[in-house]
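Undergrad: Sharing a structure, written as structure tokens. Questions coming.
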Amino acid sequence: MHLHTAVASSDSMLKPEKLMQLGPEAGLTGVNITEHDKMWDPWERAGFLERHSDVPFFVNFGMEVSTDLGHMGAIGLQSYIGGIRRAEALRAALDEVGGFLVVCHPFRHVFDEVTAMRTNGKPFDLTPEQAAELPVFQLADAIEVANGCNTPRENYFALEVARVLGKPTTGGSDAHSESGIGYYATGFEREVNTAEELLHELHAGRFQAVLRKVGEPPGEEFVSFEQGAIEAVAAVTA
């Protein structure tokens, strides 16, 4: 549900052709490509899907938007729209098309004292209940609680906030290279093969953040992302 490629994310080295190989190898059945503030052009999407039509791997094209309330994953738009750097405008644009909005890595670096010092900020001391009142969570449909570029503490705190709010959770590698693909993912209760089915299942809430048990056989390698899941998986696969 969260991944960047070299096609439209300048900080990514991941070639989409390689993704079509590595995704299935990691046990994934599909991917939601979320470039930074941009989507692939329609002709790029069509050509890529045509070239890989023989691969049983679902590809959706979303976007990670840099908003005034942080990074947010937008699913359902067909292109970047002026003004959506304002989170409220992004929410409105998605509502018009029946889209879905996810808060991405909401607590990245907040526990880092050095980062706080560099930005003249104060140490983060909110409880999950207090953090749940932040404006960004009032706009979102779901919260990314398992992000491959976050620390366990950051991910676990996001999970607690999601529980306070009763919002569904997503997971994603946030991969910018071939490394880490499929370590965190979003597990769906039903099979998803089209963009329409993806939105339907998202709005139905039939999904959750999951963690991959590296080395397990396909179909058995993902577990629910819960408190202590990272440590439990590490102990089993060590």
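Undergrad: Report, by chain and number, residues whose modeled amide H sits under 5 Å from the one on Val59, excluding near sequence neighbours (fewer than 5 apart, same chain).
TA: Close amide H contacts, sequence-distant or interchain: Val31.
Undergrad: Over the chain, what is the mean sequence separation of C-alpha contacts under 8 Å (at least six apart), divided by residue count, expressed as relative contact order in percent?
TA: Across the chain, relative contact order equals 18 percent.
Undergrad: Just from its helices, what would the mean residue ellipticity at 222 nm be for the chain, if runs of 4 or more DSSP H residues each count -39500 (n - 2.57) and the sum is divided by every residue, rounded to the nearest 500 deg cm²/dmol?
TA: -9500 deg cm²/dmol
Undergrad: Now for a different question. Loop sites only, by DSSP: take the chymotrypsin sites (Phe, Trp or Tyr not before Pro) in the chain that have at most 16 other C-beta atoms within 10 Å and name the longest stretch containing none of them.
TA: Answer - 125-238.
Undergrad: Name the shape class, rounded, prolate or oblate, that the alpha-carbon gyration tensor gives for region 94-191, where a ≥ b ≥ c are the square roots of its eigenvalues, rounded holds for a/c under 1.5, and otherwise prolate holds if a/b is larger than b/c and oblate otherwise.
TA: oblate
Undergrad: Another question, if that's okay. Counting Lys and Arg as +1 and Asp and Glu as -1, each charge on the Cβ, what is the dipole of region 25-73 about the Cα centre in debye, to the nearest 20?
TA: Its charge dipole is roughly 100 debye.
Undergrad: Oh, and also: What distance in nm separates the two pseudo spin-label positions at Thr151 and Val164, each 7 Å out from Cα along the beta-carbon direction?
TA: So the label points at Thr151 and Val164 sit 1.9 nm apart.
Undergrad: Taking a probe of 1.4 Å, how large is the accessible area per residue of the chain, in Å²?
TA: 49
Undergrad: Sticking with this structure for a sec: What is the dipole size for region 97-214, taken about its Cα centre, with +1 at each Lys and Arg Cβ and -1 at each Asp and Glu Cβ, in debye to the nearest 20?
TA: The calculation lands at about 220 debye.
Undergrad: Could you tell me what percent of the accessible area of the chain is made up of carbon and sulfur, with a 1.4 Å probe and every protein chain present?
TA: Carbon with sulfur: 52 percent of the solvent-accessible area.
Undergrad: If you don't mind, another one. Taking 0.36 nm per intervening residue step and subtracting the Cα-Cα distance, what contour gain separates Ala204 from Tyr80 on full extension?
TA: 42.1 nm
The values are calculated or read from the model by the stated rules, or taken from the named source; none is laboratory data. Computed from a predicted structure; not experimentally measured. Glycine gets a Cβ as well: all are built from the backbone with ideal geometry, and neighbour counts include every protein chain shown. Just the protein is used for accessible areas: all its heavy atoms, side chains included, with ligands, DNA and RNA removed. Shrake-Rupley method; radii C 1.70, N 1.55, O 1.52, S 1.80 Å.
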